[in-house]
Amino acid sequence: MNWVAENAGLILALAVQHLRLSLLPIVLGFAIALPLGYLAHRYRPTRGVLLTALGLLYTIPSLALFVALPVVTGISVLSEANVVTALTIYAVAIQARSVADALDSVDPDVRQAATALGYSGWRRFWAVEFPLAGPVMLAGLRVVAVSTIALVTVGILVGVKSLGYLFTNGFQRRILEEVLSGVVMTMLLALLVDLVLALLGRAVMPWTRIGTPAPRRAAP
Amino acid sequence: MSIEFRGVRKAFPDGTVAVEDFSLVIPSRTTTVLLGSSGCGKTTLLRMVNRMVDPSAGTVLIDDEDVAAVDPVALRRRIGYVMQNSGLLPHRRVADNIATVPRLNGVAKDAARERALQLMDTVGLDRSLADRYPAQLSGGQQQRVGVARALAAEPNILLMDEPFGAVDPIVRAELQQELIRLRRELEKTVVFVTHDVDEAFLLGDQVVLLQRGGRIAQAGTPAEILANPASDFVADFVGAGRGRRSLRVEEIDGVLVVVDADGRPAGVLADEARTAPGSATRGNRAQ
């Protein structure tokens, strides 16, 4: 534990850097997945092709993607932007399907009612369909968040620093505490972000907390 | 506001013809019930009024104006719509649900809420329910919210698609009486869709009995239809043919009881009916 105490500053700095690298792909991934998921939801024929193609992206090994991307984008292999781009692609691959499923889950009666009330298509989407798809989209977002935070560590292999630095450095220097602190901190970060997302969901979707009556106590 | 259907037809892309050729005039400030089994096109016809369905041929006119020429979103905001299962927005509190259309029309939040609370009084909902979510209400309360929401923009036309179909019989009877009261107070043109004959006869000034494909089997007041069924189909549908509505009077323990053809009691003869000249009791005095 000595090593951890002596290097607390380094660990904290890496954790902050790690968080910064994770948040951008999570947010960007959601923003890109939203219109793609909507297309898959709205136009049935595109659904199979679109979602399968996106799903396939997720099967590309991350290291391979880090190296292959610069060929297409022209960004340096070693840059943060390259890692962020790759992680955004993975985020989109997961989130697009979750957005499509989420929009599918909205009760058609409610959609009809919103139309009958006089919502235009655009307004109906943002005021009715988007919030009601919220719980399922949030479930997808939480998976993306945890997955992205785990994947950021791989960036160290192309020289982008994160908590992953503690893995490679600790491994080379044979400091077990360093490797372990990297693992534990990554997990803590993932749990923390997951918790924040869950709480945020409860706060912005208060209607999801009601409707389940308290379990009745058995008669004595 | 009067509504007129002029030779409307609706064929869906998959080839099914929901409505073949339908014409009807719905006079202003009356209640017209479109009555029929499922698949007769009654909901399709209802949705043509607010352009949720556009006819394949023919026109629908509101006060002699072709609705096809009106922006559908603007049209829907001035026509109230109540559906089965209330169709409430589950993520909005009761007051916000009721205030939906005023808010869409740009009414300020406070004014819209005040109006929503007034409407809760109108439809017999306690104001303490204003901040509940729809899932926290009973089925009957949800339907009342649905009606209040439809009235919020003060529409002249109210479309009701089996609004009381999903609630239990006692609540349904309550809601029906409530609607009769509201109609008297508010003077709206109401188009009401149902498959329930009793409900149609209770609520309709005009009842339009539909057969498959939106063909009118008979249109008229409930009394006209009962007295003069236009066909066996009509007689069957309204129950005249089965004897459910051919009633006679029997005396049981000194009380005059009205029974149907199968001998099932339908009610007790009122005192006024006993003494009225030409009343049903005359031919039945066997003692």
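The values are calculated or read from the model by the stated rules, or taken from the named source; none is laboratory data. The structure presented is a predicted model; accordingly, all values stated were derived computationally and were not measured. All Cβ positions, even for glycine, are placed from backbone atoms using ideal geometry, and neighbour counts span all protein chains on display.
Numerical summary
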| item | result |
| --- | --- |
| The range B:58-74, residues that are touching a residue at least 24 places away in the same chain (Cβ under 8 Å) and over 28 Å from B:V123 (Cα atoms) | B:G58, B:T59, B:V60, B:L61, B:D64 |
| Test: A:A100 is within 14 Å of chain B (Cβ to nearest Cβ), buried (at least 19 other Cβ atoms within 10 Å of the Cβ), modelled with pLDDT of 95 or more and more than 14 Å from the chain's Cα centre (by Cα) | no |
| Residues that are acidic (D, E) and more than 8 Å from chain B (Cβ to nearest Cβ), drawn from the range A:103-135 | A:D104, A:E129 |
| Qualifying residues in the range B:117-140 (those that are aliphatic (A, V, I, L, M) and under 23 Å from the mean Cα position of the chain (by Cα)) - the one modelled with the lowest pLDDT | B:V123 |
| Sole residue being without any contact (Cβ under 8 Å) to a residue 60 or more places away in the chain and either under 30 Å from A:T73 (Cα atoms) or in contact with a Gly (Cβ under 7 Å, 6 or more places away or on another chain) (or both), chosen from A:A114, A:A93 | A:A93 |
| Verdict on B:R92 being at pLDDT 95 or above and farther than 29 Å from B:V238 by Cβ | yes |
| Single residue of the range B:96-154 satisfying the filter (within 16 Å of B:A74 (Cα to Cα) and among the polar types (S, T, N, Q)) that is farthest from the other protein chains (Cβ to nearest Cβ) | B:N105 |
| Filter result (more than 30 Å from B:P27 (Cβ to Cβ) and either more than 16 Å from the chain's Cα centre (by Cα) or crowded, with 21+ Cβ neighbours inside 10 Å (or both)) within the range B:141-169 | B:Q141, B:Q142, B:D168 |
| Near pairs, Cβ below 6 angstrom, 6+ apart or cross-chain, from the range B:75-93 (over 20 Å from A:A133 (Cα atoms) and facing another protein chain (nearest Cβ under 7 Å)) to any residue that is surrounded by 20 or more Cβ atoms within 10 Å (Cβ to Cβ) and among the polar types (S, T, N, Q) | B:R76/B:N50 |
| Set B:V33, B:V49: member being more than 14 Å from chain A (Cβ to nearest Cβ), at pLDDT 95 or above and under 14 Å from B:L159 (Cβ atoms) | B:V33 |
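Residue-wise test of (1) within 26 Å of B:G165 (Cα to Cα); (2) surrounded by 18 or more Cβ atoms within 10 Å (Cβ to Cβ); (3) small (G, A, S).
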| position | (1), (2), (3) |
| --- | --- |
| B:R9 | no, no, no |
| B:F12 | yes, no, no |
| B:G15 | no, no, yes |
| B:A18 | yes, yes, yes |
| B:G36 | yes, yes, yes |
| B:L45 | yes, yes, no |
| B:M48 | yes, yes, no |
